[in-house]
Every structure is written in C-alpha cells, then in structure tokens.
Amino acid sequence: MESRIYNEAYAFGLRIVKAYAYLTETKHEYEISGQLKRSGTSIGANLAEAKYAQSRADWIHKLSIALKEANETSHWLHLLHDCGHIDDRTFSSIIADCNSIVFKLSSMIRTAKTNLEMMGKAKPIGPNNDGQ
C-alpha cells in the first residue's frame, strides 16, 4: 500500500507493539497495554481495509473507524503515562505521533465528506439535464 497515512500508521503500529513488549516484560502491565496494542495496531489495519473500499462512503467509514482507534489509543497512552508506566520523554514522542495521525485522518475525512456532499449536489449534465 503506497499511502503516506498508511505508512505512518504502520510505523506507529510497530512502535505500539514494541511498547507492549516493554510494558509486559519490564513493567508487568498487561491489561491496559493489551488495550493499547489492540487499538494502536487497528489503525493501520483499518487503513489497509480502506484501500479496497466498495464505495467512497465505505472508504470514509473505514477512515472513521481508524480515527476512532487512534483516539482510543491516545486515551490508553495518557492513562499509561499518568500511572507512571511510560516516562515523559517516551510519552511526548509517541503521543505526538498519535496526534499527527488523528489530525491527518480528521482532515482526510472532513475533505472526503465535503467532496461527497458536493458530488451529491451537482446536477448531472447530459441531453436530458441541460437546464432546458
């Protein structure tokens, strides 16, 4: 898949998997880190699904799910940080990556919805629809 947002989400997913390994092996934290792993790796998976969306609306829906997963991941990262399982430096870096994905997905969804609405309002042009 040759998409910048997918590549960013994939790299983020790798970071999440490594964070999960650290949290479980070093901090012995399993519950929240498991939630983090599920939501953090789901972002890229939903973007991979979006590549073969059946329609523009389906594509927007897949991106919306990825956005929800990114927001959930942000929640788990904040919780792990506030509980002292993730240090300030690591948290600042990984939450910046998460926020970047959230921002980009939000922008993509907003633009796609606007374009979809404009397409729905456009008058078809043809022999029977020329305004006469």
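Values as computed for the structure displayed
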{"quantity": "Failed criterion for LEU23 (all others in (1) at pLDDT 95 or above; (2) surrounded by fewer than 17 Cβ atoms within 10 Å (Cβ to Cβ); (3) over 11 Å from the mean Cα position of the chain (by Cα) hold)", "calculated": "(2)"}
{"quantity": "Hits in region 9-27 (condition: out of contact with any Leu (no Cβ under 9 Å at 6 or more places or on another chain) and assigned to a helix (DSSP H, G or I))", "calculated": "ALA11, PHE12, GLY13, LEU14, ARG15, VAL17, LYS18, ALA21, TYR22, THR24, GLU25"}
{"quantity": "Residue check for ASN71: under 9 Å from the mean Cα position of the chain (by Cα) and surrounded by fewer than 20 Cβ atoms within 10 Å (Cβ to Cβ)", "calculated": "yes"}
{"quantity": "Scope region 42-68; condition charged (D, E, K, R) and loosely packed, with under 14 Cβ neighbours inside 10 Å; matching residues", "calculated": "LYS51, ARG56, ASP58"}
{"quantity": "Condition met for SER55 (touching a residue at least 24 places away in the same chain (Cβ under 8 Å) and of a type in the set (S, T, N, Q))", "calculated": "no"}
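The values are calculated or read from the model by the stated rules, or taken from the named source; none is laboratory data. All of these numbers come straight from a predicted model, not from anything done at the bench. Cβ: placed from backbone, ideal geometry, glycine included. Neighbour counts: every protein chain shown.
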